[in-house]
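The values are calculated or read from the model by the stated rules, or taken from the named source; none is laboratory data. Note that the structure is a prediction, hence the values are computed from the model and not measured. Cβ placement follows ideal geometry from the backbone for every residue including glycine, while neighbour counts extend to all protein chains displayed.
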Amino acid sequence: MDLKDLLALKEKELAARKPIVIRCCTAAGCLSSRGEAVKERLERAVYDAGLGERVEVRGVGCLRLCCQGPLVQVDPDNLLYERVTPEEAGSIVDALNGEKVSVARGNPNDPFFTKQQSIVLANSGVVDPNRIESYVAADGYQALHQALHEMTPKAVVEEMLASGLRGRGGAGYPTGLKWATVQKAAGAKKYVICNADEGDPGAFMDRSVLESDPHSVLEGMALGAYAVGADQGYIYVRAEYPLAIARLQTAINQARRLGVLGSAVFESPFHFNVDLRIGAGAFVCGEETALMASVEGKRGTPRPRPPFPAESGLWNCPTLINNVETFANVPAILRRGGAWFAGIGTERSKGTKVFALAGKIRNTGLIEVPMGTPLRVIVEEMGGGAPDGASIKAVQTGGPSGGCIPAEHLDTPVDYDSLNKLGSIMGSGGMIVMDDSTRMVDVARFFMEFCMDESCGKCIPCRAGTVQIHGLLAKVLAGEATARDLGQLEELCDLVKNTSLCGLGQTAPNPVLSTLRFFRREYEELLLPDPFAVKLAVPEGTVSVEIR
Amino acid sequence: MAVRTLTIDSKQVSAEEGTTILGAARDAGISIPTLCHLDGIYDVGACRMCLVELAGSPRLLPACTTMVAEGMDVRTQSDRLRRYRRMILELLFAERNHVCAACVSNGHCELQTMAYSQGMDHVRFAYQSPLLEVDLTHASFGMDHNRCILCTRCVRVCWHIEGAGTKNVSGRGTHARIISDLNQPWGMSETCSACGKCIQACPTGALFRRGMTAGEMERDRTRLEFLVNAREKKQWNV
Amino acid sequence: MERVRLATTWFGGCSGCHMSFLDLDEWIVDLTAKVDYVYGPLVDTKEYPEGVDVVLIEGAICNTEHVEMAHRIRQRTKTVVSFGDCAVTSNVVGMRNPLGGPEVVLNRAYVELADVNPGIPVAPGILPPLLDRAVPVHQVIPVDHFLPGCPPCPERIRMLLESLLGAGAAPTGRLIKFG
């Protein structure tokens, strides 16, 4: 395979395109509401109507407005159909002949769609994730070819540095710097790992990317491997994502067959293999050192850093570890240049960010917006605000490591620094909207329960501290806590934040701290007035026989 | 070996490259409290007792796993560190059922001694009082999970000094437990060589020789260190 | 100098701490020169008096009577000392806590192991019901000083009392000894 073959494959795929394309979402959300049957019925209807020559029914990745799934989109008329049932699906094909449609029509010009800017999701909902040809037709693997034949590894890293891309896993470490460190690290053997252990409650960005466009992640990893000098990659993906696993495996097989993975990629000296490693369901394995221990077949617990994976990672070799969305950005950056990417977003947060919009909001689903987009635009214009006339009270970002941003701060631009200033974090992209019926202490307790259950148990502050914090929050909610308990709660949050071994513990108090910061009154209203009041349980029914 | 010069508690200290802050401090006669550290086996940085402040770093660092570097300015004592250490001890005492009066290690327990030295005279946090097992299936040894602080010293000596690989950790968070083999009763373990290294390593009364009663369980840590020195540094006579 | 009003009391404990107190031997004579022992198992006072300066509380809070008494003590006392491990940590008394409510231990003691007349004694108004859990004193009332030990040895008791009788602040660090 060389560039000529790649371009020929692209031309062949484009030439086979039919004038009308019916795109059916086959990502997990729509599949769970009978999306597969919808697709089959559409194929059947096209065949029955004798439209096989003119119409293609294509299974694609996420069409984004998940709450209205299953979604079907028809080109070139840009028609969007929502909540399509297998029973009614045929009428979409009938409509091609001018008949009346019985399926609900969505508005593809709604701000939910028009305010988006796609880099990571550019192929999502467009290409068929099960066919590498579909990805190649969308200029896929051209960046890899270009890098292998026209760029030195150093030039690739420089392009990444110029792009200003920061890690999308949550912490926001500059990706180019990380690549440069691994590149410079001494060692004959190096590894590339893609962290696909997405685990924040309410977050499904990485899953959607993997299900919708697995090749962009593979290409990103291959580019990373070339830049740092690695020949083996692992994608650590959680077992709860069976569809993503299946599509990744298909993608890896196809890429090997095509010669864009494996040995002598694009007839260059570059070798690169990718294998999947399936996580067994521990949230902490999303932490990079725990993840690597898990890949090595050990108990998935974190270890102190330094040394950082870039110096000593998998099997003590220099390891480049990035998140799914980070890798998915790479092909576009290499194809269009770091300067182009750096032109999007804000001064210190470049590019776009994918968010999973969930909670008390009209439009739930997947969005990709330029960094710096005000939160208000996301939740009010794109999300359509809270349903049923309720008003938005807060937006939770960053999952169990993040915080709650109150409605009065909705004009905050969404970028790493602005969110940090409000005591929250960008996180991996979960965005949960809460309306005025939400009790913030409940929210804090929910996330603390999550962290308590997911703590690996290695370090004491996280293992035992989260239990105590959770107990105190439950006490507050039960109306049995005092001002003393609240003081103890804050002391424990400070301890767990500052002394825990890994990011899980260090950020676990954030939901409590941020709700205390903005909604302290909700805590105080639940306290007992007497600071030393105690409720001690006396069991009932200890009576059995009387003293003789 | 390159020598690094650093400051620990305002004292100029020299240490070989590759020495931990803990090692450098101890060589200089500065004691840093530890629980999961055990001379002779590698460190895991789990107990967080040895956290120290490093000038210019917003993060606290575990002295047992952080290597010395030229010009480091380390503080091992501050109000904040003392407060954190005390709280960590309180968390441990509240987590399981530590009843010193009824413990085989009473008087020889590192957790107990640490509580005295850090001024922990009572526990403010809610006692969790979990119902935990005592494994008395082994012919020579017993394991009382009520007293275990999950320092994993036993796991590390079992794997890295004895090489038996009997002890391990299972479960997550507060449900984490030290187990034998595939979570079997210790007495049924096929890998345990009954060497007793775990018994020597345990800082509390969690692991003990059977037949011991309150306060009788004393341990000899030097044996473990002797073995490692003999093996790695060929020092046979101490 | 005005005489200090000293009390001691005994909740869920074995009286070992009081025994240790008696082991102060002749120093008790010196002590009585400075204090009035106004309430405790060593004297015959029925009601906990008002205006107590120092109280040593032995034992954990185990039943409803202990709770009421603890609150009464707090109201009527300047300085409350948790005296011994049971008061400080709930210690041996708290070993029933992991088993669940008190029924388990009551059943074991009065039914399963009974040789004659098995049955859990019930006498409303006479026998106070046990709490769900035995808890340290400081979980029920604010405590000023902690004197752990099972029992605290006489030297430590003396050290604490001397400090409370005006010889400087309590030497906390040297007073700690669990078990």
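Just to be sure before I move on: is A:V182 aliphatic (A, V, I, L, M) and more than 20 Å from the chain's Cα centre (by Cα) in the structure I sent?
In short, yes.
Would you be able to say whether some residue in the range B:78-97 is farther than 25 Å from C:V93 by Cβ and either part of a loop (DSSP other than H, G, I, E, B) or in contact (Cβ under 8 Å) with a residue 60 or more places away in the chain (or both)?
yes
From the list A:K189, A:K178, exactly one residue is part of a helix (DSSP H, G or I) and basic (K, R). Which is it?
Of the residues listed, the single one that is part of a helix (DSSP H, G or I) and basic (K, R) is A:K178.
In the range B:8-37, how many residues are in a loop (DSSP other than H, G, I, E, B) and in contact with a strand residue (DSSP E or B) (Cβ under 8 Å, 6 or more places away or on another chain)?
7
Select from the range A:406-442 the residues that are over 22 Å from A:R166 (Cα atoms) and buried (at least 22 other Cβ atoms within 10 Å of the Cβ) and list them in ascending order.
Answer for the range A:406-442, where residues must be over 22 Å from A:R166 (Cα atoms) and buried (at least 22 other Cβ atoms within 10 Å of the Cβ): A:I432, A:V433, A:M434, A:M440.
Can you name the helices (runs of 4 or more DSSP H) wholly within the range A:396-504 that have at least 2 residues being touching a residue at least 60 places away in the same chain (Cβ under 8 Å) and away from chain B (no Cβ under 14 Å)?
Counting at least 2 such residues, we get A:416-421, A:440-454.
Taking the range B:190-218, which residues are touching a helix residue (DSSP H, G or I) at 6+ places or on another chain (Cβ under 7 Å), more than 14 Å from chain A (Cβ to nearest Cβ) and part of a loop (DSSP other than H, G, I, E, B)?
Across the range B:190-218, the qualifying residues are B:C192, B:S193, B:C195, B:C202, B:G205, B:A206, B:A214.
Would you point out the residue of the range A:299-320, among those that are in a helix (DSSP H, G or I) and away from chain B (no Cβ under 14 Å), that is nearest to A:A225 (Cα to Cα)?
A:L314
Filter the range A:190-206 down to the residues that are within 8 Å of the chain's Cα centre (by Cα) and among the aromatic types (F, W, Y) and list them by number.
Residue satisfying the conditions is A:F204 alone.
Here's the yes/no breakdown for (1) within 17 Å of the chain's Cα centre (by Cα); (2) modelled with pLDDT of 95 or more; (3) not assigned by TED's automatic domain parsing to the domain that holds B:E90:
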| site | (1), (2), (3) |
| --- | --- |
| B:Q128 | no, yes, no |
| B:D135 | no, yes, no |
| B:H138 | no, yes, no |
| B:H145 | yes, yes, no |
| B:N183 | no, yes, no |
| B:C198 | yes, yes, no |
| B:A201 | yes, yes, no |
| B:A206 | yes, yes, no |
| B:L227 | no, no, no |
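Could you tell me which residue of the range C:124-144 is nearest to the other protein chains (Cβ to nearest Cβ), considering only residues that are crowded, with 21+ Cβ neighbours inside 10 Å and part of a strand (DSSP E or B)?
Among residues in the range C:124-144 that are crowded, with 21+ Cβ neighbours inside 10 Å and part of a strand (DSSP E or B), the one nearest to the other protein chains (Cβ to nearest Cβ) is C:L131.
Taking the range C:15-50, which residues are of a type in the set (A, V, I, L, M, F, W, C), surrounded by 15 or more Cβ atoms within 10 Å (Cβ to Cβ) and within 15 Å of the chain's Cα centre (by Cα)?
C:C17, C:F21
Quick grid of which residues meet (1) more than 11 Å from A:I193 (Cα to Cα); (2) in contact with an Asp or Glu (Cβ under 8 Å, 6 or more places away or on another chain); (3) not charged (D, E, K, R):
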position: A:A280; (1), (2), (3): yes, no, yes
position: A:T289; (1), (2), (3): yes, no, yes
position: A:M292; (1), (2), (3): no, no, yes
position: A:K298; (1), (2), (3): yes, no, no
position: A:P302; (1), (2), (3): yes, yes, yes
position: A:P306; (1), (2), (3): yes, no, yes
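Go through (1) more than 23 Å from the chain's Cα centre (by Cα); (2) at the interface with chain A (Cβ under 8 Å from one of its Cβ atoms); (3) within 25 Å of B:N97 (Cα to Cα) and name the single condition C:P121 misses.
Evaluating C:P121 over (1) more than 23 Å from the chain's Cα centre (by Cα); (2) at the interface with chain A (Cβ under 8 Å from one of its Cβ atoms); (3) within 25 Å of B:N97 (Cα to Cα) leaves (3) as the failure.
Would you check if there is a residue in the range B:131-147 being in a helix (DSSP H, G or I), surrounded by 24 or more Cβ atoms within 10 Å (Cβ to Cβ) and within 8 Å of another protein chain (Cβ to nearest Cβ)?
no
Look at A:T542 and say whether it is modelled with pLDDT under 80, of a type in the set (S, T, Y) and either under 30 Å from A:M434 (Cα atoms) or part of a loop (DSSP other than H, G, I, E, B) (or both).
yes
Whether any residue in the range A:234-248 is in a loop (DSSP other than H, G, I, E, B), touching a Lys or Arg at 6+ places or on another chain (Cβ under 6 Å) and of a type in the set (A, V, I, L, M, F, W, C) is what I want to check.
Checked against the condition, which is being in a loop (DSSP other than H, G, I, E, B), touching a Lys or Arg at 6+ places or on another chain (Cβ under 6 Å) and of a type in the set (A, V, I, L, M, F, W, C), the range A:234-248 yields no hits at all.
Any idea which residue in the range B:219-234 is nearest to B:C100 (Cα to Cα), counting only those that are touching a helix residue (DSSP H, G or I) at 6+ places or on another chain (Cβ under 7 Å) and surrounded by 12 or more Cβ atoms within 10 Å (Cβ to Cβ)?
B:R219
Looking only at residues in the range B:40-55 that are assigned to a loop (DSSP other than H, G, I, E, B) and aliphatic (A, V, I, L, M), which one is farthest from B:T152 (Cα to Cα)?
B:A55
Condition first: of a type in the set (D, E) and surrounded by fewer than 19 Cβ atoms within 10 Å (Cβ to Cβ). Now tell me which residues in the range B:63-108 satisfy that.
Residues satisfying the conditions are B:E70, B:D73, B:D79.
Only residues that are in a loop (DSSP other than H, G, I, E, B), away from chain C (no Cβ under 14 Å) and free of Cβ contacts under 8 Å to residues at least 12 places away in the same chain: list them for the range A:505-538, please.
Hits for the range A:505-538 are A:E525, A:P529.
Looking at A:A293, A:A280, which is the one that is touching a Cys at 6+ places or on another chain (Cβ under 9 Å), surrounded by fewer than 24 Cβ atoms within 10 Å (Cβ to Cβ), within 14 Å of chain B (Cβ to nearest Cβ) and of a type in the set (G, A, S)?
Testing whether each residue is touching a Cys at 6+ places or on another chain (Cβ under 9 Å), surrounded by fewer than 24 Cβ atoms within 10 Å (Cβ to Cβ), within 14 Å of chain B (Cβ to nearest Cβ) and of a type in the set (G, A, S) leaves just A:A293.
Which residue pairs have Cβ atoms closer than 8 Å, lie 6 or more positions apart in sequence or on different chains, and pair a first residue in the range B:162-189 that is within 14 Å of chain A (Cβ to nearest Cβ) with a second residue that is among the acidic types (D, E) and surrounded by 19 or more Cβ atoms within 10 Å (Cβ to Cβ)?
B:R172/A:E454; B:G173/A:E454; B:T174/B:E95
Applying the selection to the range C:2-14, what residues are exposed (fewer than 15 other Cβ atoms within 10 Å of the Cβ) and touching a residue at least 24 places away in the same chain (Cβ under 8 Å)?
Of everything in the range C:2-14, just one residue is exposed (fewer than 15 other Cβ atoms within 10 Å of the Cβ) and touching a residue at least 24 places away in the same chain (Cβ under 8 Å), namely C:R3.
Given the condition in a loop (DSSP other than H, G, I, E, B), surrounded by 14 or more Cβ atoms within 10 Å (Cβ to Cβ) and touching a helix residue (DSSP H, G or I) at 6+ places or on another chain (Cβ under 9 Å), answer yes or no: does some residue in the range C:92-113 qualify?
Checked against the condition, which is being in a loop (DSSP other than H, G, I, E, B), surrounded by 14 or more Cβ atoms within 10 Å (Cβ to Cβ) and touching a helix residue (DSSP H, G or I) at 6+ places or on another chain (Cβ under 9 Å), the range C:92-113 yields at least one hit.
Which of the residues spanning the range B:24-41 are at pLDDT 95 or above, at negative phi, surrounded by fewer than 19 Cβ atoms within 10 Å (Cβ to Cβ) and not aliphatic (A, V, I, L, M)?
Within the range B:24-41, B:R26, B:D27, B:S31 qualify.
Looking only at the range A:172-194, decide whether some residue is crowded, with 24+ Cβ neighbours inside 10 Å and under 11 Å from A:E325 (Cα atoms).
yes
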